[in-house]
Amino acid sequence: MKYAYIRVSTVKQDYERQEYAIRGCEVPKGNIYSETISGTKKAVSRPEFEKLMSRLEKGDTVYFESMSRMSRSVLDMVETTQKIVKDKGATVIFLKENLTLSIHMDSTSSLMFNIFASFAQFERDLIS
């Protein structure tokens, strides 16, 4: 099954850019989870993200417009991705970064993930 997660930090923002990005991924409308909440809050403690996690099964795919939509913390992003990929057996796709993470992830994908996760946190630190 295909799922997507969309997040904005404030009510002044909208989901349009992220919805546009996932449009071509053929995610059923009922499988798109969206919420307005800070990226500094742990992903697994966000209500809509928790709902998404509860539905994931082995072989599913979760789409994010970008890594920063999952989290703004390297530690949280690593832990959350591990829960999706290793614990649930699902695949994570970050569209902006053109990065796919699965149980069969190679060392290059792992390196790129860690570099991009660091940039997402760095960007958040600059915004603060």
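Brief remarks on what is shown
- Proximal lysine pairs, the chain, alpha carbons under 16 Å, eight or more residues apart or interchain: 13
- Solvent-accessible surface ranking, highest first, for PHE116, PHE49 at 1.4 angstrom: PHE116, PHE49
- Calculated Rg and Dmax of the chain using C-alpha coordinates, Å: 13.4, 39
- The modelled label-to-label distance for the pair VAL44/SER107, using points 7 Å beyond Cα in the direction of Cβ, is 2.9 nm.
- For segment 1-93, the per residue solvent-accessible surface stands at 51 Å², with DNA, RNA and ligands left out and a 1.4 Å probe.
- Accessible-area order (highest first, 1.4 angstrom probe) of the listed residues GLU79, GLU97, GLU16, GLU50: GLU16, GLU50, GLU79, GLU97
- The simple spin-label model puts a point 7 Å past each Cα toward its Cβ; for LYS58 and LEU75 those points are separated by 3.2 nm.
- Per-residue Karplus couplings for segment 14-27, computed as 6.51 cos²θ - 1.76 cosθ + 1.60 with θ equal to phi - 60°, are listed in order as 10, 8, 3, 4, 6, 4, 4, 4, 8, 3, x, 8, 6, 8 Hz, Gly and Pro entered as x.
- Pairwise centroid distance, computed over Cα atoms, of segment 26-68 with segment 76-126, Å: 14 Å
- Förster-model FRET efficiency, 30 Å R0, ILE115 and ASN31, C-beta, rounded to 0.05: 0.55
- Annotation for segment 47-128: trypsin sites (Lys or Arg not before Pro) lying in DSSP loop with at most 15 further Cβ atoms inside 10 Å of their Cβ are LYS58, LYS96.
The values are calculated or read from the model by the stated rules, or taken from the named source; none is laboratory data. Small disclaimer: the values here were computed from a predicted structure and weren't measured. Positions of Cβ are generated from backbone atoms using ideal geometry, with glycine treated the same way; all protein chains shown enter the neighbour counts. To get the accessible areas, we keep the full protein, side chains included, count just its heavy atoms, and leave off ligands, DNA and RNA. Shrake-Rupley method; radii C 1.70, N 1.55, O 1.52, S 1.80 Å.
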